[in-house]
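Coordinate-derived values only; no laboratory data. Quick caveat, the model's predicted, so the values are computed rather than measured. All Cβ positions, even for glycine, are placed from backbone atoms using ideal geometry, and neighbour counts span all protein chains on display.
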Amino acid sequence: MRIRIRALLLLVLAGGMTFSLIRGQERSTLARKQPSSTLTHGSTRSFSKLDAFDKEMLVSCQRGGEWLWRINDTKGRFLHGYVPALSSVLDGDNYLRQAGAAFALARVSRVLGEERYAARATQAILTLLDDTIAEDHEARHTLLPSTILNRLGTAGLLVLAIHELPSPQPDLLDKAEQLCNWIRRQARADGSLRCNDADDNSDSKSANSDDVDSVNEYPGLALYAVLRSQKHRPAGWKTELARKAIVFYRAWWKEHRSMAFVPWQTAAYAEAYVQTKEPAFAEFVYEMNDWLCGLQYEQLDPRRPLWVGGFMKWADGKALDALPTIESAAYAEGLAEARRAARAASDATRYQHYTEVLHRGLQFLVRLQYTDANTQHFEEWYRPRLLGGFHASTQDGNLRIDYTQHALSALATYLEDLGG
């Protein structure tokens, strides 16, 4: 009998120890997955003398970087997003969003000095490059046609992702240059960049053959990528490409005014101005962003206090009073670039104005980020899937990698401009 009692006690004790170890492992795993409020062990960058606002932006950027880092798997793919209300994965994954997430993680890795982020961004880029093909030894593009996956946009994002890495390897830079050469081949005589796969021997020699949404999105992105590549692979044709493009797209802008057009075109010409100091580039940046600033919700309205800092909608040539969403992240991204141009031009008035608008915009974005404070109603085991990610709006809690991409890019560009 005593032997049985002792055996039973040993089993109970062993079971208790096993349960404690399991719970300890769960807590340890969750702790490892929590976003840090300070730069982590892999960081080589420090920020000092930040005021309260800038510290908040730094922590937000760190949280977002941790979220992207966590949801990237061993094969280099990012999980597309979550539907927290259903505790399920969000459908709709695509290559452009994967490339955008790689770009954002690479940029944050460089700005924050996070080596872990750089390693995962590199793996993601390598995975994405597997789906590209070299036309010859000089040019490269994605395999799928633009009717399925826009080649101009994907080329731009891949080039950006590679050149945002802190120390890109020569083989990656070679592939990025092939992508730049392919972008160069899309240039028409009028300065526009072709957004479809038609060749110049067809009757589609004009930007009129490109749909408006594509023109608003992809040419500015591709131009920005080519100009950013100047850091590691300088070439005279890259600046010349921007000189020709601005003539066409400034005229396009006057006839097809759109908020979607502004962020990437701003980034392209702000970068061109910083590199060349040619007034035309800064003038177009100011023209677009002075207009955009007028579409921000500036004043606190007691009926909708969470709208402050977000941006209105624009349709049919007029501003619409509507719920601001995560789309505001792209506008903040563009404003951060416009602010760089104003600083480079020593335009103190515009620099101050863009700073004020950008501050409100970033504060709006931070309210759309999952933090410890606003995830207490979720189960403890589920919170790491959300913490640090940016959701769609104050009324839509869904997470998607491109939401975090644009918010992180805006935050990182702002932080880099602090000169910390």
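Structure values in brief
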quantity: Contact order normalised by residue count of the range 52-119, Cα under 8 Å, 6+ apart, percent; calculated: 25
quantity: Approximate spin-label separation LEU143-TRP381, in nm, with each point projected 7 Å along Cα-to-Cβ; calculated: 3.7
quantity: Gyration tensor (alpha-carbon) shape descriptor, the range 280-359, a/c threshold 1.5; calculated: prolate
quantity: By average C-beta atoms within 10 angstrom, highest first, the peptides 238-250, 211-223; calculated: 211-223, 238-250
quantity: Placed amide H near LYS313: partners under 5 Å, 5+ positions off or other chain; calculated: LEU320, ALA322
quantity: Cα→Cβ-extended label distance, 7 Å offset, between ASP316 and ARG304, nm; calculated: 1.8
quantity: Sorted peptide list for 183-196, 100-113, criterion being average Cβ within 10 angstrom, highest first; calculated: 100-113, 183-196
quantity: The range 76-201 shape via C-alpha gyration tensor axes, a/c threshold 1.5; calculated: oblate
quantity: Amide H contacts under 5 Å for GLY81, placed H, 5+ residues apart; calculated: LEU90
quantity: Estimated vicinal HN-Hα couplings, Hz - the range 223-237 in sequence order (Karplus 6.51, -1.76, 1.60; Gly, Pro = x); calculated: 4, 4, 4, 4, 5, 5, 5, 4, 4, 9, 9, x, 7, x, 5
quantity: Helix-only mean residue ellipticity at 222 nm for the chain, each DSSP H run of n ≥ 4 adding -39500 (n - 2.57), per residue, nearest 500; calculated: -19000 deg cm²/dmol
quantity: Dipole of the chain, positive direction: furthest Cα of LEU386, GLY361, ILE183, with charges on the beta-carbon; calculated: LEU386
quantity: Net dipole in debye of the range 210-300 [+1 Lys, Arg Cβ; -1 Asp, Glu Cβ; about Cα centre; nearest 20]; calculated: 500
quantity: Segments 402-408, 376-382, 305-311, 128-134 sorted - mean Cβ within 10 Å per residue, highest first; calculated: 402-408, 305-311, 128-134, 376-382
quantity: Spatially proximal lysines relative to LYS55 (Cα-Cα < 27 Å; intrachain offsets below 8 disregarded); calculated: LYS33
quantity: Scattering profile of the chain at q = 0.08, 0.11, 0.13 Å⁻¹ [log10 I(q)/I(0), Debye over alpha-carbon scatterers]; calculated: -0.45, -0.81, -1.13
quantity: ³J(HN,Hα) computed for each position of the range 411-418 - Karplus, 6.51 cos²θ - 1.76 cosθ + 1.60, integer Hz, glycine/proline x; calculated: 5, 5, 5, 4, 5, 4, 6, 6
quantity: Linear extension gain, HIS232 paired with ALA119, 0.36 nm per residue minus alpha-carbon span; calculated: 38.8 nm
quantity: Unit charges on C-beta of K, R, D, E only; dipole of the chain, Debye; calculated: 1740
